[in-house]
Amino acid sequence: MSFNPFDINAALPIINEDSEFFPLMSSEDEEEMNNEQIPDILSILPLRNTVLFPGVVMPITVGRDKSIKLIRDANKKDRIIGVVSQQDVSIEDPGFDQLNQIGTTALIIKMLQMPDGNTTVILQGKKRFTLGEEVQSEPYIKATITPFQEVKLKEDKEFKAMVSSIKDMAMSIIQLSPNIPSEAGIAIRNIESTSFLINFISSNMNADMSVKQKMLETFDLRERAKMVLEHLTTEIQMLELKNQIQNRVRTDLDKQQRDYFLNQQLKTIQEELGGNTPDLEVESLRDRAVKKKWAKEVNDHFNKEIEKLVRMNPAAADYSVQINYLELLLDLPWNEFTKDNFDLKRAQKILDKDHFGLDKVKQRIIEYLAVLKLKHNMKAPILCLVGPPGVGKTSLGKSIAKALGRKYVRMALGGIRDEAEVRGHRKTYIGAMPGRIIQSIKKAGAANPVFILDEIDKVGNDFRGDPSSALLEVLDPEQNSTFYDHYVEMDFDLSNVMFIATANSLSTIQPALIDRMEIIEVNGYTIEEKIEIAKQHLLPKQREAHGVKAKDVSLKNDVIEKIVEEYTRESGVRTLDKQIGSVVRGVAKSIALKEEYSTNVNKTDVERFLGAPIFDKDLYEGNDIAGVVTGLAWTQVGGDILFIESSLSPGKGRLTLTGSLGDVMKESATIALFYLRAHATQFNIDPKLFDQWDVHIHVPAGATPKDGPSAGVTMLTALTSAFTQRKIKPHLAMTGEITLRGRVLPVGGIKEKILAAKRANIKEIILCSSNRKDILEIKEDYIKDLTFHYVKQMHEVIDLALLNEQVDDPLDLTVREEKVAEK
């Protein structure tokens with residue numbers, strides 16, 4: 001509701017002239033209102049931000065659906081309702097228990113639909129009442145009420161003096177408040193009834209709702225008058241103080257304007273005399289410049305720019321732009337460095353403490369720091385950590401900064417498409433800003449921070465330029481000593497910054513950018529590593545985050561292994577962290593509710609907290625049928641096993657491929673079939689079979705797109721098994737690319753594939769001999785149960801993979817002729 005204090009005419013514009021109602025109530029009207037009969041049960045209208053007093057007319061905007069229905073129903077009947085203010089104004093739909101006990105009965109004078117769509121109702125207060133019992137709650141509240149009979153007060157001299165003071169103070173407030181119309185004073189002066197006067201002022205005074213409710217609940221008119229008098233006294237004091245402050249401010253503004261004109265005149269006179277106006281802000285900038293350790297050319301540039309500032313009019317738009325530019329030059333850490341801590345043993349301890357595993361990565365970082373310690377310069381390739389999400393690439397940068405004692409700053413490159421984000425805008429543009437490289441250096445406060453360029457593979461380009469090309473200068477050790485930002489307009493030395501880039505894939509990074517970085521692969525973790533990471537890092541972190549102590553919850557290795565295998569499918573540990581957090585929250589809930597629970601969470605508890613398992617383990621299904629071979633694949637979330645199925649049917653030698661295969665896998669299948677045809681006699685296959693049997697190769701999970709060269713040897717083995725009807729050796733898997741000459745070529749993602757094979761209970765793996773180096777990088781403990789066969793030619797794969805025994809129905813021309821004859 002919007003209602004000016006003491007503005008009795010606020011309701012008049014929306015009341016028709018033919019209405020019998022007049023807002024000023026006489027003593028006779030009050031007596032008649034007191035004698036009116038009120039029903040015992042009324043519909044109750046809750047008010048959020050106002051209180052209705054007896055005799056007072058008030059326009060109210062109704063917004064709640066319940067309230068609108070209540071008003072419409074009451075307007076059709078006797079138009080009498082109960083109005084009660086709610087205890088908590090923040091509640092949108094208050095219940096019966098959330099209403100004050102004392103309210104006012106009201107008569108609906110008029111109900112209007114306003115142009116803005118809201119419903120406005122004009123209410124006139126009648127009698128105070130006390131709420132009884134709730135009769136109904138829907139569609140709106142109805143309750144029994146007990147009305148109060150107003151007791152007429154004997155007006156002695158003291159009370160009359162009090163009422164006269166209230167009138168005078170109300171008039172004073174109207175005069176001191178410029179937003180209250182003077183007509184309100186005339187209305188107050190013409191009020192005859194003492195109780196209506198007090199109710200009217202109580203309703204419209206500038207007071208909190210709790211104060212007004214207290215006044216409504218005070219039945220003694222003398223006590224209520226005292227409360228009104230006290231509040232009006234405070235209001236007058238506040239208004240007088242406010243006016244004094246405004247007069248003082250107006251005087252100060254007049255003085256400032258006078259000083260401004262005098263200063264402008266003085267400046268004009270001094271410009272005529274060839275001098276400059278001394279400016280405290282300029283002097284402050286010059287004092288800061290004296291303490292800077294910048295080079296002579298930077299100092300000369302700063303002095304030139306500050307002289308330009310002195311010649312500017314402070315009222316000009318470019319003045320603030322120039323001030324911001326000079327402050328940026330002062331804030332940048334020119335030749336300001338933090339002291340490096342080159343204790344490599346300490347650095348190794350920090351890396352080992354913060355990250356489990358990643359031995360190759362940590363070794364390379366220690367080598368990098370060792371060279372930095374000996375050379376004392378950063379002219380070396382920028383490190384680029386490449387790996388799937390959640391393996392700890394960004395946190396490795398934090399650990400390096402902690403180990404070196406350097407400042408840490410991170411710049412997220414995901415989604416950047418504007419070159420100005422890197423190089424900045426020219427100062428001539430409105431809203432120009434320095435690039436994010438310079439902003440980050442300013443934020444770090446040192447010229448040699450550890451600078452993480454996060455998600456460098458997510459950089460895009462459009463009509464606004466190519467940000468990855470702008471990064472070439474940043475990441476080139478031969479160029480970044482003179483990095484040029486369009487806003488700074490000066491070369492800034494980035495050669496002391498330790499840049500570390502992170503990426504999920506190299507495929508989308510510009511080749512020239514890759515050439516300037518040293519690529520370090522951060523592969524996924526084994527199950528054993530994930531278990532240790534969960535015990536050493538993730539579980540303590542989640543316990544601390546949820547206020548749970550170490551004695552309250554613990555996870556054994558087999559429980560963590562269940563979470564890893566059945567609730568996550570990733571190379572990193574980000575989802576594992578979330579799932580452990582869900583388990584800890586479940587324990588925290590039991591602690592908070594004082595429920596019985598086991599501190600050693602078991603597998604049953606895991607399913608209760610996390611639900612049914614999300615993923616099935618990659619289990620080996622067996623190769624009991626000729627033509628089915630187990631292959632190994634790499635995915636973005638780690639390794640996986642897949643089954644290549646091949647079958648033959650009488651036909652004319654057509655090849656059919658299914659299973660959402662990409663172009664590379666289709667080509668592998670075609671190469672495998674043509675190689676087998678060319679070397680059929682070598683594998684004891686009748687060449688005529690290829691023209692009389694159709695070949696169908698399928699890779700299950702047809703809805704999942706698959707591509708890559710790793711299935712070449714698997715497809716050739718499956719075809720050979722199908723045509724010779726020889727089974728595949730059990731618990732055997734393979735990966736590798738093939739050529740038309742029968743050579744086996746190496747493939748990538750070996751670590752992830754080997755881990756997937758171990759999870760699937762594979763015992764033997766066939767690899768290209770060139771992949772032997774990848775096996776040597778895996779800890780022996782992780783692969784002690786696996787046997788590796790290294791091959792160079794395809795016939796070696798066939799000799800290792802196929803058993804000598806055939807199925808009961810060997811494939812030959814006679815069988816086909818018999819089958820054709822049967823048809």
(1) part of a loop (DSSP other than H, G, I, E, B); (2) in contact with a Ser or Thr (Cβ under 9 Å, 6 or more places away or on another chain); (3) crowded, with 16+ Cβ neighbours inside 10 Å; (4) not acidic (Asp, Glu) all hold for residue 488 apart from (2)
In the range 207-221, anything touching a helix residue (DSSP H, G or I) at 6+ places or on another chain (Cβ under 6 Å) and farther than 20 Å from residue 83 by Cα is listed as 221
Exactly one of 697, 750 is surrounded by 21 or more Cβ atoms within 10 Å (Cβ to Cβ) and within 43 Å of the chain's Cα centre (by Cα), and that one is 750
Residue hits (the range 574-589; of a type in the set (S, T, N, Q) and more than 17 Å from residue 604 (Cα to Cα)) are 575
In the range 331-362, residues that are in a loop (DSSP other than H, G, I, E, B) and closer than 30 Å to residue 284 by Cα total 8
All conditions in (1) surrounded by 17 or more Cβ atoms within 10 Å (Cβ to Cβ); (2) in contact with a Leu (Cβ under 8 Å, 6 or more places away or on another chain); (3) not basic (Lys, Arg) are true of residue 342 except (1)
query = Mind checking whether some residue in the range 140-159 is of a type in the set (D, E, K, R), surrounded by fewer than 16 Cβ atoms within 10 Å (Cβ to Cβ) and touching a residue at least 60 places away in the same chain (Cβ under 8 Å)?
reply = no
Those residues of the range 649-662 which are at pLDDT 90 or above and either part of a helix (DSSP H, G or I) or touching a Ser or Thr at 6+ places or on another chain (Cβ under 8 Å) (or both) amount to 655
Residue pairs within 9 Å by beta carbon, gap of at least six or interchain, first lying in the range 691-707 and closer than 8 Å to residue 659 by Cβ, second loosely packed, with under 13 Cβ neighbours inside 10 Å and at pLDDT below 90, listed first then second, are 706/662
Filtering the range 228-243 down to residues that are surrounded by 13 or more Cβ atoms within 10 Å (Cβ to Cβ) and within 13 Å of residue 175 (Cα to Cα) yields 235, 236, 239, 243
Residue 502 assigned to a strand (DSSP E or B), hydroxyl-bearing (Ser, Thr, Tyr) and in contact with a helix residue (DSSP H, G or I) (Cβ under 7 Å, 6 or more places away or on another chain): yes
The range 363-473: strands (runs of 3 or more DSSP E) wholly inside it with 3 or more residues that are surrounded by fewer than 20 Cβ atoms within 10 Å (Cβ to Cβ) are 408-412
For the range 741-752 the number of residues that are out of contact with any helix residue (DSSP H, G or I) (no Cβ under 9 Å at 6 or more places or on another chain) and under 13 Å from residue 788 (Cα atoms) is 0
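Hey, any hits in the range 345-361 for a residue that's touching a residue at least 12 places away in the same chain (Cβ under 8 Å) and over 24 Å from residue 523 (Cα atoms)?
Checked against the condition, which is being touching a residue at least 12 places away in the same chain (Cβ under 8 Å) and over 24 Å from residue 523 (Cα atoms), the range 345-361 yields at least one hit.
For (1) part of a helix (DSSP H, G or I); (2) touching a residue at least 60 places away in the same chain (Cβ under 8 Å); (3) buried (at least 18 other Cβ atoms within 10 Å of the Cβ), each residue gets a yes or a no:
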position: 33; (1), (2), (3): yes, yes, yes
position: 43; (1), (2), (3): no, yes, yes
position: 46; (1), (2), (3): no, yes, yes
position: 84; (1), (2), (3): no, no, yes
position: 131; (1), (2), (3): no, yes, yes
Within the range 666-680, identify whether any single residue is aromatic (Phe, Trp, Tyr), more than 17 Å from residue 801 (Cα to Cα) and at pLDDT below 90, and answer yes or no.
no
Scanning the range 93-109 residue by residue, the ones that are without any contact (Cβ under 8 Å) to a residue 12 or more places away in the chain and crowded, with 17+ Cβ neighbours inside 10 Å total 0
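Okay, residues lined up against (1) without any contact (Cβ under 8 Å) to a residue 60 or more places away in the chain; (2) buried (at least 19 other Cβ atoms within 10 Å of the Cβ); (3) touching a Pro at 6+ places or on another chain (Cβ under 8 Å); (4) farther than 30 Å from residue 641 by Cα:
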position: 554; (1), (2), (3), (4): yes, no, no, yes
position: 557; (1), (2), (3), (4): yes, no, no, no
position: 569; (1), (2), (3), (4): no, no, no, no
position: 575; (1), (2), (3), (4): no, no, no, no
position: 582; (1), (2), (3), (4): yes, no, no, no
position: 591; (1), (2), (3), (4): yes, no, no, yes
position: 594; (1), (2), (3), (4): yes, no, no, yes
Expected single match for outside the structural domain of residue 415 (by TED's automatic domain parsing), acidic (Asp, Glu) and either more than 24 Å from residue 781 (Cβ to Cβ) or touching a helix residue (DSSP H, G or I) at 6+ places or on another chain (Cβ under 8 Å) (or both) among 558, 515 is 558
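Take the range 650-690 and flag every residue that is of a type in the set (S, T, N, Q) and in contact (Cβ under 8 Å) with a residue 12 or more places away in the chain.
656, 658, 660, 668, 670, 682, 684
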Q.
Condition (residue is under 55 Å from the mean Cα position of the chain (by Cα), more than 24 Å from residue 37 (Cβ to Cβ) and not assigned by TED's automatic domain parsing to the domain that holds residue 73) applied to the range 151-166: is it met by at least one residue?
A. no
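Yes/no per residue for (1) in a loop (DSSP other than H, G, I, E, B); (2) in contact with a helix residue (DSSP H, G or I) (Cβ under 7 Å, 6 or more places away or on another chain); (3) farther than 22 Å from residue 759 by Cβ; (4) at pLDDT below 85:
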site	(1), (2), (3), (4)
585	no, no, yes, no
604	no, no, yes, no
609	no, yes, yes, no
631	no, yes, no, no
Filtering the range 192-217 down to residues that are under 17 Å from residue 159 (Cα atoms) and surrounded by fewer than 18 Cβ atoms within 10 Å (Cβ to Cβ) yields 192
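The values are calculated or read from the model by the stated rules, or taken from the named source; none is laboratory data. Everything quoted here is computed from the prediction, not taken from an experiment. Glycine also receives a Cβ, built like all others from the backbone with ideal geometry; neighbour counts cover every protein chain displayed.
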